[in-house]
1. Suppose we filter 129, 168 for residues that are under 20 Å from residue 38 (Cα atoms), modelled with pLDDT under 95, assigned to a loop (DSSP other than H, G, I, E, B) and touching a helix residue (DSSP H, G or I) at 6+ places or on another chain (Cβ under 8 Å); which single one remains?
2. Being assigned to a strand (DSSP E or B), touching a residue at least 40 places away in the same chain (Cβ under 8 Å) and in contact with a strand residue (DSSP E or B) (Cβ under 8 Å, 6 or more places away or on another chain) narrows it down to one of 161, 196, so name that one.
3. Can you name the residue in region 51-83 that is part of a loop (DSSP other than H, G, I, E, B) and modelled with pLDDT of 95 or more and, of all such residues, is surrounded by the most Cβ atoms within 10 Å (Cβ to Cβ)?
4. For region 175-190, which residues satisfy the criterion of being surrounded by 23 or more Cβ atoms within 10 Å (Cβ to Cβ) and either assigned to a loop (DSSP other than H, G, I, E, B) or within 16 Å of the chain's Cα centre (by Cα) (or both)?
5. Among the residues of region 10-28, count how many are in contact with a helix residue (DSSP H, G or I) (Cβ under 7 Å, 6 or more places away or on another chain) and surrounded by fewer than 18 Cβ atoms within 10 Å (Cβ to Cβ).
6. Considering only residues that are farther than 21 Å from residue 35 by Cα and not in a loop (DSSP other than H, G, I, E, B), look in region 308-327 and name the one that is modelled with the lowest pLDDT.
7. Can we say residue 152 is in contact with a helix residue (DSSP H, G or I) (Cβ under 7 Å, 6 or more places away or on another chain) and farther than 22 Å from residue 210 by Cα?
8. So which residues in region 29-50 are touching a residue at least 24 places away in the same chain (Cβ under 8 Å) and surrounded by fewer than 17 Cβ atoms within 10 Å (Cβ to Cβ), if there are any at all?
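The values are calculated or read from the model by the stated rules, or taken from the named source; none is laboratory data. Bear in mind that the values here come from a model prediction, so they are computed numbers and not experimental data. All Cβ positions, even for glycine, are placed from backbone atoms using ideal geometry, and neighbour counts span all protein chains on display.
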């Protein structure tokens with residue numbers, strides 16, 4: 001070989017060299033920590049399918065938020081477990097409901113040091129487990145659901161949320177929420193839209209975490225993205241941006257890296273990705289069996305998500321990864 005020919009190996013010889021020329025860098029600023037908070041628990045309850053994660057009591061949520069801020073993680077996304085559920089998901093917009101209380105307390109405690117992002121959906125609050133209001137035939141009524149989403153948006157904004165995260169995949173949800181926020185004087189409240197949320201088999205542990213069971217063993221394939229389709233996801237993303245989304249998200253992350261990359265290459269807003277409960281649980285399960293180093297795999301997976309183009313990563317590994325990045 002010609003001695004003057006460039007050899008990439010020359011730049012891999014030491015950790016310092018590798019850091020110097022790294023094309024992609026994962027950092028704490030990229031992370032969002034999902035948190036579950038219960039209206040009835042007095043102490044945190046472990047989630048069996050998500051080792052290391054808990055359903056928080058109100059007090060333990062505040063303590064965990066202190067740890068998150070101390071690690072430099074800039075944001076949390078909140079999911080609520082109400083004491084009661086009904087057909088309309090009334091608890092989602094109750095001014096004194098669990099998520100509104102949590103938002104207000106977290107903002108009072110941390111101010112602008114923590115970005116608070118409540119999930120904006122109805123499934124945690126409905127007795128049928130769907131993300132919207134049901135019609136007479138048992139299907140989701142898109143337009144009636146938009147009215148509820150607008151009500152939830154106002155309640156969350158009044159509580160002090162920085163960004164709202166509509167996750168129901170209803171047609172027109174971003175426009176309905178943006179118009180409601182603007183009409184009520186919350187033009188500075190942003191929207192992180194679940195723009196391409198796939199009907200994935202990887203959400204099982206999450207449903208245990210939020211105590212959601214879909215009525216009659218049904219599913220959400222009529223309103224979530226078909227895993228077979230990528231072009232359709234791009235249309236959904238562009239529609240959400242046109243309707244006023246400030247950040248667009250692809251969910252899940254690892255199995256949809258192609259979609260993340262395509263979205264990141266064509267939009268001019270930040271792109272988020274959700275490293276979902278099933279992706280987390282598989283890594284943890286393999287680690288418990290001694291088959292892999294779970295933290296090393298988590299770091300590699302999240303780096304891949306960042307490399308694909310995500311600016312923001314929601315992950316249950318947030319605190320573990322943050323601690324590792326600080327070492």
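1. Numbers: 168 fails: under 20 Å from residue 38 (Cα atoms).
When all the criteria are applied, what remains is 129.
2. On the way: 161 fails: assigned to a strand (DSSP E or B).
Only one candidate qualifies: 196.
3. Step one: list which residues in region 51-83 are part of a loop (DSSP other than H, G, I, E, B), which gives 51-53, 57, 71-74, 82-83.
Those left that are additionally modelled with pLDDT of 95 or more: 51-53, 57, 71-74.
Working: 51: 17, 52: 13, 53: 24, 57: 18, 71: 18, 72: 14, 73: 22, 74: 16.
If we take residues in region 51-83 being part of a loop (DSSP other than H, G, I, E, B) and modelled with pLDDT of 95 or more, then 53 is surrounded by the most Cβ atoms within 10 Å (Cβ to Cβ).
4. none
5. Of the residues in region 10-28, the ones in contact with a helix residue (DSSP H, G or I) (Cβ under 7 Å, 6 or more places away or on another chain) are 11-12, 17-18, 21, 24, 26-28.
Pick out the ones that are also surrounded by fewer than 18 Cβ atoms within 10 Å (Cβ to Cβ) and you get 11-12, 17-18, 21, 24, 27-28.
Here the count works out to 8.
6. Within region 308-327, the first condition is being farther than 21 Å from residue 35 by Cα, and the residues that meet it are 308-309, 326-327.
Keeping just the survivors that are not in a loop (DSSP other than H, G, I, E, B) gives 308, 326.
Numbers: 308: 98, 326: 92.
Result: 326.
7. Details: in contact with a helix residue (DSSP H, G or I) (Cβ under 7 Å, 6 or more places away or on another chain): yes; farther than 22 Å from residue 210 by Cα: no.
Judged against the criteria, residue 152 is not a match.
8. 29, 40, 48
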